[in-house]
Amino acid sequence: MEFFATPDQLLVARLNRSLAAASLKGGAIGAAKTNTVFEQTADAIAAALASSGSLRNRMSN
């Protein structure tokens, strides 16, 4: 998790993942499973923040 402020003083929380470790440990299947769990986690965090009124915008890469 990375936190920073934009030039217009909005707080940004960035959730990052590394597929390198998953690829080394489990190959393509490990990377796919890691991606699925990461997306589920990101969705759960976004839902909790949205329901509390803390989430202004969500972007996915």
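The values are calculated or read from the model by the stated rules, or taken from the named source; none is laboratory data. If you're wondering where the values come from, they're calculated on a predicted model, not measured in any experiment. Neighbour counts run over all protein chains shown; Cβ positions are idealised from the backbone, glycine included. For accessibility, only protein heavy atoms count, side chains too; no ligands or nucleic acids. Shrake-Rupley method; radii C 1.70, N 1.55, O 1.52, S 1.80 Å.
Quick look at the values:
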quantity: Which numbered condition Gln40 misses (of (1) within 12 Å of the chain's Cα centre (by Cα); (2) modelled with pLDDT under 80; (3) not hydrophobic (A, V, I, L, M, F, W, C)); calculated: (2)
quantity: Tally, over region 44-61, of residues that are of a type in the set (A, V, I, L, M, F, W, C) and at pLDDT below 85; calculated: 2
quantity: Region 30-52: number of residues that are open to solvent by less than 60 Å² (accessible area, probe 1.4 Å), over 17 Å from Ala13 (Cβ atoms) and of a type in the set (A, V, I, L, M, F, W, C); calculated: 2
quantity: Within region 1-12, considering residues that are of a type in the set (A, V, I, L, M) and open to solvent by 60 Å² or more (accessible area, probe 1.4 Å), the one modelled with the highest pLDDT; calculated: Ala5
quantity: Residues of region 14-29 satisfying the condition of being of a type in the set (Gly, Ala, Ser), modelled with pLDDT of 70 or more and open to solvent by 60 Å² or more (accessible area, probe 1.4 Å); calculated: Ala28
